[in-house]
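What follows is a short report on a single structure.
Derivation of every value follows stated rules applied to the coordinates shown; laboratory data play no part. Values in this document were obtained by computation on a predicted structure and should not be read as measured data. In this analysis, Cβ positions are derived from the backbone assuming ideal geometry, glycine residues included, and neighbour counts consider all displayed protein chains.
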2 protein chains.
Amino acid sequence: MSYPKRKLIMVPGPTNISDRVMGAMLKPVINHRGEAFSALLKDVTEKGKYLFQTSHDVVILSSSGTGGVEAAVWNIIKPGDAAVVPVFGEFSERLAEMVEIAGGRAIRVRSEPGSVPSLEAVKKEIEASKALKAVFVVHNETSTGCTVPYLEEVTRAAKKRSAFMIIDAISSLGGYAIPVDRWGVDICITGSQKCLAAPPGLALLSLSNEAVEYVKKYQSPSRYFDLRRQLDYLARGETPFTPAIPLYYALDEALTMLQEERLEKRVERHTRLASRFYQALTGFGLELFAKEEFRSNTVIAALYPKATDDKEFRRSMSDEQDVVIAGGFGNLKGKVFRVGCMGEVNDGYVNRTLSALAVTLHKFGHGVDLQSVLN
Amino acid sequence: MSYPKRKLIMVPGPTNISDRVMGAMLKPVINHRGEAFSALLKDVTEKGKYLFQTSHDVVILSSSGTGGVEAAVWNIIKPGDAAVVPVFGEFSERLAEMVEIAGGRAIRVRSEPGSVPSLEAVKKEIEASKALKAVFVVHNETSTGCTVPYLEEVTRAAKKRSAFMIIDAISSLGGYAIPVDRWGVDICITGSQKCLAAPPGLALLSLSNEAVEYVKKYQSPSRYFDLRRQLDYLARGETPFTPAIPLYYALDEALTMLQEERLEKRVERHTRLASRFYQALTGFGLELFAKEEFRSNTVIAALYPKATDDKEFRRSMSDEQDVVIAGGFGNLKGKVFRVGCMGEVNDGYVNRTLSALAVTLHKFGHGVDLQSVLN
């Protein structure tokens with residue numbers, strides 16, 4: 001392959017990664033069964049606790065975020081268990097399917113496009129469902145740019161039914177704060193390559209005491225994703241299987257940078273920059289996919305002007321402007337583009353993306369108000 | 001954590017990694033749903049075909065090698081299926097357990113310590129077993145340093161029963177050649193961090209036409225390890241889930257280096273250097289764990305002299321000699337040490353390891369013949 005050109009990566013993960021985090025991957029190779037790795041693992045999981053605002057265990061898996069979600073499903077759902085799953089896009093549908101593959105019954109609560117299922121509808125199913133084992137909520141639908149605004153309330157409803165509350169926060173945690181201990185979230189999952197601005201390849205999971213006690217009682221059908229085994233090894237400073245060491249180094253550095261910035265400041269930054277995107281795109285005359293109350297801090301989805309060719313548009317953005325954005329997913333393919341507002345995103349990145357979008361929209365025959373970029 | 005010191009890593013994976021491969025991780029972050037990643041994926045899987053000597057598909061998973069083994073088990077074994085598994089250490093026992101977790105019946109063929117189950121015993125079970133779906137062979141037991149010398153013959157026996165032949169070659173491929181097409185191996189699995197001298201975090205699987213046809217008929221219980229989905233995405237130049245991009249860059253570079261060296265030369269190098277280890281350790285008066293005919297090219301296991309404290313010995317090697325070796329595994333813990341002879345291992349590494357071992361054995365009260373180092 002030819003050496004790829006360095007471009008501004010504005011897709012909803014992976015994100016641009018700082019030289020500081022990239023450089024951390026070059027630290028010395030170490031034996032994963034020795035003290036140096038134990039020290040690294042302790043460090044990175046401690047910093048993970050800060051991210052999740054938890055005093056309990058944080059497990060790190062050498063897999064994508066989806067692997068983390070699969071671990072949560074396989075370790076919690078037994079055949080016959082029911083799980084309520086708000087479905088409002090590709091990733092929440094995937095989650096419901098995983099529950100079914102594990103032998104569970106997924107009770108889907110659906111919504112209109114551009115929104116999320118209502119809290120009332122979700123609560124109704126939580127209250128009514130028999131054999132309810134868990135509530136699985138995708139916090140932020142990477143496929144639609146819609147965010148669930150009622151995590152705390154739905155957690156309360158789940159706990160009232162003594163069901164496990166499990167949140168897929170892969171594309172949100174860091175751009176949003178989820179205080180898992182305070183809210184009583186049992187498992188929260190995120191990925192290294194989104195708001196943490198580390199390379200892809202690691203999943204992080206927080207586990208409540210109840211979740212730990214439960215998973216310790218069973219052997220998971222997946223050995224690789226067996227959280228009991230993960231916890232046993234974690235207690236002695238190891239991982240059950242060879243960890244992706246350079247990615248651990250990078251995540252450790254990325255989490256150090258999160259601590260330096262502080263979580264609340266990172267959330268503020270994501271919120272402010274996302275609203276810059278929303279304001280400018282509206283100023284361009286584009287229609288946003290998500291209704292205002294569900295608009296994500298981290299994934300911005302906008303409808304293309306009529307008769308815009310998605311592939312050509314994004315090729316022009318990438319080839320001529322060196323800015324990489326994403327297309328739509330599933331039934332939104334060709335209809336929307338998506339911009340990631342994640343990780344080390346800053347005003348400069350937003351300016352560069354908006355300027356490129358303005359010029360490209362112009363090239364494709366759509367007038368834009370350049371003043372919107374500057375607001 | 002303090003910055004780890006760079007030491008000579010002589011454990012059986014991860015291995016020392018060349019600057020060239022490490023540096024490849026710093027290539028630009030790219031969108032995993034774009035052309036740059038497709039080009040990378042095509043490149044690395046093509047080079048993977050050279051490694052496996054296959055013209056068929058090679059799947060790469062963002063997981064450790066164990067994840068690759070789990071993928072093979074979950075995609076082949078259905079409840080009630082029988083699988084013959086020669087068991088001669090920790091990793092082959094793990095494999096048998098995975099077959100059982102998947103609902104299969106594992107027919108274990110065991111052996112004496114320091115050896116592998118006899119070809120006759122394995123063939124007998126292959127011929128006699130009802131509902132035989134597969135034969136799973138760990139080629140090289142990382143836990144004992146014993147290698148199966150009859151892969152081709154056992155593959156023939158499996159094919160005669162129309163059973164799938166599946167080889168865990170995680171710690172061997174590259175140090176040994178396994179021509180999967182010529183022998184008719186259905187799935188062969190290896191890891192990035194052993195004889196390929198790339199960072200840990202990726203598993204590689206070769207798949208025969210028969211294996212592809214079979215896995216395409218079923219949905220695997222694991223979505224993350226669903227080979228059907230992996231193959232569907234591979235056909236369009238993508239991975240189903242976000243890939244660990246820096247590790248792909250590194251593996252691509254490591255496989256380029258394999259092509260430059262040529263597989264047969266790499267096998268020769270591993271064979272020659274392993275026999276240097278065996279000769280020298282015998283010269284030191286140590287007893288080798290593996291019987292001569294099963295001694296591995298890639299993992300050398302030797303018994304400690306009586307009353308040697310494993311932890312103290314390896315600490316001394318690491319702290320004073322900057323050479324990191326591994327201890328025993330399972331019931332060999334405390335009794336043996338293991339040396340990895342893998343990846344970019346060369347005469348200099350062997351000299352440095354043997355000199356360090358000589359001095360450390362001397363320190364622990366055991367006379368050694370230094371001439372053995374020089375042979």
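Bin all alpha-carbon pair distances of segment A:19-261 at 5 Å intervals from 0 and give each bin's fraction as a whole percent.
Calculated P(r), rounded to whole percents: 1, 7, 15, 19, 20, 16, 11, 6, 3, 1, 0.
In nm to one decimal, list the spacings between the A:G334 label point and its equivalents in the other copies, with label points set 7 Å along Cα to Cβ, shortest first.
The answer, with the shortest distance listed first, is 6.8 nm.
In vacuum, with every alpha carbon of segment B:280-375 counted as one equal point scatterer, what does the Debye formula give for log10 I(q)/I(0) at q = 0.12, 0.17, 0.18 Å⁻¹? Two decimals, please.
-0.34, -0.72, -0.82
Could you tell me whether segment A:1-78 comes out rounded, prolate or oblate from its Cα gyration tensor? Rule is a ≥ b ≥ c as square roots of the eigenvalues, rounded for a/c under 1.5, then prolate if a/b exceeds b/c, otherwise oblate.
On the way: a/c = 1.86, a/b = 1.27, b/c = 1.47.
Taking the square roots of the gyration eigenvalues as a ≥ b ≥ c, segment A:1-78 is oblate.
Provide the net charge surrounding A:T45, with neighbours chosen by a C-beta distance below 11 Å and charges set as Lys +1, Arg +1, Asp -1, Glu -1.
Surrounding charge for A:T45 is -1.
Let me check I have the definition right: for segment B:72-125, take the eigenvalues of the Cα gyration tensor, multiply each by 5, take square roots. What are those semi-axes in whole Å, largest first?
Details: eigenvalues 86, 30, 10 Å².
Computed over segment B:72-125, the values are 21, 12, 7 Å.
Across peptide B:58-64, what mean number of C-beta atoms from other chains lies inside 10 Å of a residue's C-beta?
Per residue, the number of nearby Cβ atoms from other chains is 5 on average.
Just checking the output field for A:194-204: average partner chain Cβ neighbours within 10 Å of each residue's Cβ? If you can, show how the numbers build up before the last one.
Values: counts 1, 0, 0, 1, 0, 7, 11, 11, 3, 1, 0.
Mean partner-chain Cβ count within 10 Å for A:194-204: 3.
Give the long-range amide H neighbours of A:F164: residues separated by 5 or more places, or on another chain, with amide H under 5 Å away, using H modelled in the peptide plane at 1.01 Å from N.
So A:F164 has HN proximity to A:A134, A:V135.
May I ask you to list the residues of segment A:154-176 whose amide nitrogen lies under 18 Å from a point 7 Å from Cα along the Cα→beta-carbon direction of A:H56?
Residues passing the 18 Å test: A:154-170.
Search the structure for amide H atoms under 5 Å from the amide H of B:F88, placed 1.01 Å from N in the peptide plane, and list their residues when 5 or more places away or on another chain.
B:E93
If packing is taken as the average number of other Cβ atoms within 10 Å across a peptide's residues, how do A:43-49, A:31-37 rank, most packed first? Present the calculation step by step, with values, prior to reporting the outcome.
Details: A:43-49: 18.6, A:31-37: 20.1.
Order by mean packing, descending: A:31-37, A:43-49.
Between copies, how close do the B:E312 label points come, placed 7 Å along Cα→Cβ, listed in nm from shortest?
So the label point of B:E312 gives 7.7 nm to the other copies.
Using only Cα atoms and rounding to the nearest 10 degrees, what angle (0 to 90) does helix B:35-52 make with the longest principal axis of chain B?
70 degrees
Length gain on complete extension for the stretch B:T256 to B:E153, per 0.36 nm per residue less the alpha carbon to alpha carbon distance? Before the final figure, lay out each step's value.
Numbers: separation 103, 0.36 × 103 = 37.08 nm, distance 3.09 nm.
So the chain would gain 34.0 nm between B:T256 and B:E153.
Grab the beta carbon distance between B:R182 and B:E100, set R0 = 30 Å, and tell me the FRET efficiency rounded to 0.05.
Details: r = 32 Å, r/R0 = 1.05.
Using R0 = 30 Å, I get an efficiency of 0.40.
Using alpha-carbon pairs under 8 Å, 6+ residues apart, how would you state the relative contact order of chain B in percent? Write down the numbers at each step before the final one.
Details: 784 pairs, mean separation 88.8, N = 375.
Across chain B, relative contact order equals 24 percent.
Sum up the charges of everything whose Cβ sits under 15 Å from the Cβ of A:P179, counting Lys and Arg as +1 and Asp and Glu as -1, but leave A:P179 out.
Working: positive: A:K49, A:R156, A:K159, A:R182, A:R262, A:R266; negative: A:E152, A:E153, A:D181, A:D186, A:E264.
Its environment carries a net charge of +1.
At 7 Å along the Cα-to-beta-carbon direction for both A:T282 and B:D310, put a label point, then send me their distance in nm to one decimal.
That separation, rounded to one decimal, is 6.5 nm.
Quick one: with label points 7 Å out along Cα→Cβ, list the inter-copy distances for B:A39 in nm, shortest first?
4.1
At 7 Å along the Cα-to-beta-carbon direction for both A:Y233 and B:R6, put a label point, then send me their distance in nm to one decimal.
Output for this residue pair reads 2.8 nm.
Using a 10 Å cut-off on Cβ to Cβ distances, tally the other chain neighbours for every residue of B:236-244 and report the average as a whole number. Intermediate results must be reported in sequence, preceding the final value.
On the way: counts 0, 0, 0, 1, 2, 9, 15, 5, 13.
Shielding by partners across B:236-244 averages 5.
Could you sort B:184-190, B:98-104 so that the peptide with the highest average Cβ count within 10 Å comes first and the rest follow in order?
Numbers: B:184-190: 26.7, B:98-104: 20.4.
Highest mean packing first, the order is B:184-190, B:98-104.
Filter A:K27/A:K311; A:K49/A:K159; B:K27/B:K265; B:K265/B:K291; B:K194/B:K216; A:K217/B:K123 down to the pairs with a C-alpha to C-alpha distance above 32 Å, please. Could the numbers behind the result be given before it?
Numbers: A:K27/A:K311 39 Å; A:K49/A:K159 22 Å; B:K27/B:K265 29 Å; B:K265/B:K291 25 Å; B:K194/B:K216 29 Å; A:K217/B:K123 38 Å.
Over 32 Å Cα-Cα: A:K27/A:K311; A:K217/B:K123.
How tilted is helix A:310-321 with respect to the longest principal axis of chain A? Cα atoms for both, answer in degrees (0 to 90, nearest 10).
Taking the Cα atoms of chain A, the angle to A:310-321 is about 80 degrees.
Between A:R33 and A:R110, what FRET efficiency comes out of the Förster formula 1/(1 + (r/R0)^6) with R0 = 35 Å and r the beta carbon distance, rounded to 0.05? Display every interim value, and only then the final one.
Numbers: r = 47 Å, r/R0 = 1.36.
E(calc), rounded to 0.05, equals 0.15.
Kindly write out, for segment A:26-34 in residue order, the coupling ³J(HN,Hα) from the Karplus curve 6.51 cos²θ - 1.76 cosθ + 1.60 (θ = phi - 60°), rounded to whole Hz, with x marking Gly and Pro.
Karplus values, whole Hz, x for Gly and Pro: 7, 4, x, 4, 10, 6, 6, 10, x.
What's the angle, to the nearest 10 degrees (0 to 90), between helix B:263-283's Cα axis and the longest principal axis of chain B?
30 degrees
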